[in-house]
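Working notes, beginning with the structure itself.
The numbers here are math on the coordinates, done by the rules we state, and not lab data. Given the structure is predicted, the values throughout are model-derived calculations rather than measurements. We place every Cβ from the backbone using ideal geometry, glycine too, and count neighbours over all the protein chains shown.
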Amino acid sequence: MYFHDIIGQDLAKAELISSVKQGIVPHAQLFVGRDGEGALGLAYAYARYLNCTDRGEYDACGHCPSCKRYDTFAEQDLFYLFPIVNASGKNLSEDTLPEWRSLLARGPYIRYEEWLALLGGDGKKASIFAREGEVIQQHFSYHMAGSGYRILMIWLPERMQEALGNKLLKLVEEPPQRTVILMVTMEEETVLGTLRSRMQTVRLRPLAPMEIEAALLSLPDGGRESADATLAAHLSEGNYRVALDTFRGESEQQAILERHLQRVLRATVNAQPIEMKILADDLASLSRDEQQALLEYLARMFREFYLFNLDLPKLNYLTPKETSIASYLRSCITGHVVRAVEEELDLARRHIAQNVNSKMVFFDLILRLTAKLASSYKRMKIR
């Protein structure tokens with residue numbers, strides 16, 4: 001993975017490259033990006049650039065000995081920590097390096113669920129265990145194999161056991177000479193605060209639809225219409241991997257969001273407290289990132305439904321399933337309803353970010369949405 005493999009993110013790339021050229025390399029950095037957004041790929045491209053012995057203006061050379069080792073994900077001075085499932089006698093990250101290298105070989109836009117599939121385990125039990133601390137101490141007690149930078153790359157530090165985080169704190173505060181620590185997170189707020197406050201943040205931005213559309217149409221195995229790329233780009237919320245899966249007809253996440261949308265709307269129509277509680281409990285079991293993504297999706301859907309009512313097809317980006325729902329709700333979603341719903345969704349987003357009990361947040365949200373939509377449902381004889 002090189003910088004040129006990462007779509008967009010020009011500002012982040014420029015700042016990373018500039019720091020290397022100036023010799024001002026932060027000893028600890030936190031890369032922040034949503035699942036599938038490419039943060040791990042960007043961190044890996046940066047690590048490669050740091051250790052390239054013939055750096056170009058905008059990327060690593062690709063032919064020096066270090067780059068050749070990075071091509072096989074086997075650089076001696078690059079150490080990894082990542083979540084594993086404590087099973088089958090594999091108790092450390094280094095025990096699953098073959099699977100890890102297989103994941104990295106898929107490119108910069110990998111997803112957490114792909115890693116779990118390779119491990120064959122339950123995501124709720126995947127952790128970076130405290131026992132990794134002894135291994136890290138051993139690694140950093142050895143002399144470096146080369147003359148570049150020794151790098152510790154930690155993927156998903158939010159899944160790190162607190163005891164390990166406390167052990168790493170000293171390393172982050174006083175790293176050995178020419179040592180760089182790169183952490184890659186999908187949930188910045190849940191990374192141990194004492195670590196987070198001591199790292200420089202590299203935050204990926206959502207991509208513009210035009211950037212995503214151009215990337216999709218340039219795929220060698222594309223074979224799809226430009227209209228498909230346009231739709232996938234607009235449905236992705238700026239996340240290239242989401243767009244790619246939609247473009248290729250492999251978007252499980254989109255199908256899950258559509259099912260959640262149907263359940264939320266059904267609960268507001270039925271107005272049954274027991275159904276609301278069951279749904280709220282199910283939504284509370286999602287990760288915080290998934291909860292926030294769902295709330296953003298719901299807000300976008302109500303806006304799209306309103307545009308659908310106005311018969312503005314050039315401004316409307318809906319899947320066939322979403323179009324079916326929009327047709328059913330056709331005259332229920334007015335501008336007034338959209339504003340009221342967005343206020344409730346904004347409130348729920350803030351509460352989730354503030355660690356308010358998510359069961360309470362979602363139950364309260366469904367109750368409030370039911371009340372906001374009641375008069376429209378009654379007027380259109382849906383309820």
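Coordinate range of the alpha-carbon atoms in region 343-383 per principal axis, descending: 38, 17, 9 Å.
Only helices reaching 24 angstrom along their own axis (Cα) with mean Kyte-Doolittle hydropathy no lower than -1.0 count here, and for the DSSP H runs of the chain these are 252-270, 288-309, 335-353, 358-379. When R178, R241 are arranged by Cβ crowding within 10 Å, least crowded first, meaning fewest neighbours, the order is R178, R241.
Between rounded, prolate and oblate, where does region 3-203 land on the alpha carbon gyration tensor, with a ≥ b ≥ c its root eigenvalues, rounded for a/c under 1.5, else prolate if a/b exceeds b/c? Because its axes are fairly even, with a/c under 1.5, region 3-203 counts as rounded. Averaging Cα coordinates gives a centre for region 178-202 and one for region 1-80; these two points are 17 Å apart. Estimated from helices alone, the mean residue ellipticity of the chain at 222 nm is -16500 deg cm²/dmol (sum of -39500 (n - 2.57) over DSSP H runs with n ≥ 4, per residue). Of all DSSP beta bridges confined to the chain, the antiparallel ones make up roughly 10%. Counted by Cβ distance under 11 Å from V180, the other residues give a net charge of +1, where Lys and Arg count +1 and Asp and Glu count -1.
With an 8 Å cut-off on Cα pairs and a minimum separation of 6 or more residues, tell me the relative contact order of the chain in percent. Normalised by residue count, the contact order of the chain is 17 percent.
Pairs from the table (K13/K125; K277/K378; K68/K170; K321/K378; K21/K68; K13/K321) lying more than 27 angstrom apart at Cα are K13/K125; K68/K170; K13/K321. Sparsely packed loop sites in region 1-79 (the GluC sites (Glu not before Pro) outside DSSP H, G, I, E and B with at most 15 other Cβ atoms within 10 Å) comprise E57. The orientation-averaged projection of the convex hull spanning the C-alpha atoms of region 142-218 amounts to 7.7 square nanometres.
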